[in-house]
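The values are calculated or read from the model by the stated rules, or taken from the named source; none is laboratory data. The shown structure was predicted, so the numbers you read here are calculated from the model rather than taken from an experiment. Backbone-built Cβ (ideal geometry, glycine too); neighbour counts: all protein chains shown.
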Amino acid sequence: MPVRSSAACPNDAIASGRQPPRRDRPRRVTTWRTRVKVNEGRLWGRLQCLGRIGADERGGVTRPGFGSAHAEALAQVATWAREAGLETGRDDTGNLIAVLPGRDPDAPLIALGSHLDSVPNGGRFDGALGVVAAVEVLQTLREHDVRPRRGLAALGFADEEGNTFGIGVMSAQLWIGEIPPDRYPTIVDGEGRSLEAYLRAFDVPGVPLVARPALAAYLELHVEQGPVLDDAGASAAAVEAIVGISRTTVTFNGQANHAGTTPMALRRDALWGGAELALAVRDLANASGERAVATVGVFEVTPGATNVIPGRTRLRIELRSPDEDRLATLRDEVEALVTTVARRNGLTAATEPWHHAPAVPMHPALLRATQDALVTAGLPERTMPSWAGHDAKVMARRLPVGMLFVPSKGGLSHTPDEDTDASHCAAGAQALLHAALRLADEATP
């Protein structure tokens, strides 16, 4: 799919953007590194520009991976990177790659990035911030003649959201080889079109195909997509871990019967069991000291008639925590509750096998680097878990990874109302610069 050059993003206007005033910065560390500053006006202007690519009639951004809007976004970011003097291209699965070479041409690179696609009718910052900030970091270092030992690569993954093929963080899986090329013909969208066909048609004039560079580590800046930082009035945080997720389905069976003629004491009401379990699951999460969340996102009642006692209730339960031991304990506690609740209400119960995706802790060296980077950027040191999944979760299967978060206003994401202050975007990018520079100058990340 050929893509035109976007007229929505005048580069000269962006480059001359003014620097908005910064918020108070406690505990400054004064070194030459603290004098290397990202251009907040340029960063903010580019984010606004990128948000106009794929803008939809409902006020949001719809930019599915491998579509025309994604190709236009890739072309625009590649233009910024190329004009900044970076070595720019795309790999054979549609991922943007822009490289600032280091002093040691044989050393694997430190990658910074996120994704360029969006959910349908999504926001302007999810994924986009991490890509634009990565280019900004590399451009800033080049403008200040800073050349670390290792080179740096800015990455823009094509498909993280998984809306086209139903595979979340797919492009990161393609990058690390978990999805090999011989599977491309078998991965199809809702209309039966294969990933192989999408990749054959994906064309971004002016952005050449390049080989993927060898990487030593991966850093990702992202909006939090939750309310914690905004509620605390914080500017940024280092991510300690991406939470693990456990899911199961519980079914209670009782006896459907006439709602008027059956005394309360003689009922076997499956809804009572489901309601009791749902509240008990809530209480388990509340007792975790903010180290777990629990959701009953599906609650089905059969037969579902006003004058019939429910004979069957089906619940879908999800548990999330950054602590694997805590998740294992929670799973055991839920199963024990199912047995107790069923017995108390005269029901039978079945719990399906758990589907579990383990928590992914950040690499200790990269966690330390992101924590220290906050301080170098003049911010308080703060850590928190990521309660959502990200490209870093997949990249961690092959590389040391680290993450930084900036606030989402009101905790909103995946919506046109998604928003983050310009000062917070710049603070996150500044911390990203310091973390990347530290890792690029170390012998091993």
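When segment 183-223 is limited to residues that are of a type in the set (S, T, Y) and part of a helix (DSSP H, G or I), the one that is surrounded by the most Cβ atoms within 10 Å (Cβ to Cβ) turns out to be Y198. For the structure I just gave you, tell me whether R124 is basic (K, R) and either within 16 Å of the chain's Cα centre (by Cα) or in a helix (DSSP H, G or I) (or both). Yes. All of (1) closer than 27 Å to A357 by Cα; (2) in contact with a strand residue (DSSP E or B) (Cβ under 8 Å, 6 or more places away or on another chain) hold for Q225 with one exception: (2).
Please go through segment 372-383 and give me each residue that is buried (at least 20 other Cβ atoms within 10 Å of the Cβ) and either touching an Asp or Glu at 6+ places or on another chain (Cβ under 8 Å) or more than 19 Å from V131 (Cβ to Cβ) (or both), ordered by number. Hits for segment 372-383 are L374, T376, A377, G378, L379. Within segment 390-400, at least one residue is among the acidic types (D, E), closer than 21 Å to D117 by Cβ and within 19 Å of the chain's Cα centre (by Cα).
Taking the condition surrounded by fewer than 20 Cβ atoms within 10 Å (Cβ to Cβ), out of contact with any Leu (no Cβ under 7 Å at 6 or more places or on another chain) and either modelled with pLDDT of 95 or more or not charged (D, E, K, R) (or both), does P120 pass? So P120 passes the test.
Could you run through segment 406-445 and say how many residues are among the small types (G, A, S) and surrounded by 22 or more Cβ atoms within 10 Å (Cβ to Cβ)? So the count comes out to 10. Residues that are touching an Asp or Glu at 6+ places or on another chain (Cβ under 8 Å) and surrounded by 15 or more Cβ atoms within 10 Å (Cβ to Cβ) were ranked within segment 322-346; the one that is farthest from R397 (Cα to Cα) is N345.
Conditions tested, residue by residue: (1) closer than 30 Å to S386 by Cβ; (2) exposed (fewer than 14 other Cβ atoms within 10 Å of the Cβ); (3) out of contact with any Ser or Thr (no Cβ under 8 Å at 6 or more places or on another chain).
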| residue | (1), (2), (3) |
| --- | --- |
| P263 | no, yes, yes |
| E290 | yes, yes, yes |
| V293 | yes, no, no |
| V296 | yes, no, yes |
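Of the residues G289, G274, G304, G260, the single one that is assigned to a loop (DSSP other than H, G, I, E, B) and touching a residue at least 24 places away in the same chain (Cβ under 8 Å) is G260. Just to be sure, is L50 crowded, with 24+ Cβ neighbours inside 10 Å, farther than 28 Å from Y184 by Cβ and in the same structural domain as H414 (by TED's automatic domain parsing)? Here the answer is no, as L50 does not meet what is asked.
Taking the condition part of a strand (DSSP E or B) and in contact with a Ser or Thr (Cβ under 6 Å, 6 or more places away or on another chain), does A98 pass? Yes.
Condition check: over 25 Å from L399 (Cβ atoms), at pLDDT 95 or above, out of contact with any Cys (no Cβ under 7 Å at 6 or more places or on another chain) and of a type in the set (S, T, Y). Does T79 satisfy that? When the stated conditions are applied, T79 passes them.
Counting only residues that are among the aliphatic types (A, V, I, L, M) and surrounded by fewer than 16 Cβ atoms within 10 Å (Cβ to Cβ), segment 271-288 holds 2 of them. In segment 142-182, what residues are in a loop (DSSP other than H, G, I, E, B) and of a type in the set (A, V, I, L, M)? Residues satisfying the conditions are V146, A158, I167, V169, I179. Scanning segment 66-95 for residues that are within 28 Å of D56 (Cα to Cα) and assigned to a strand (DSSP E or B) yields a total of 2.
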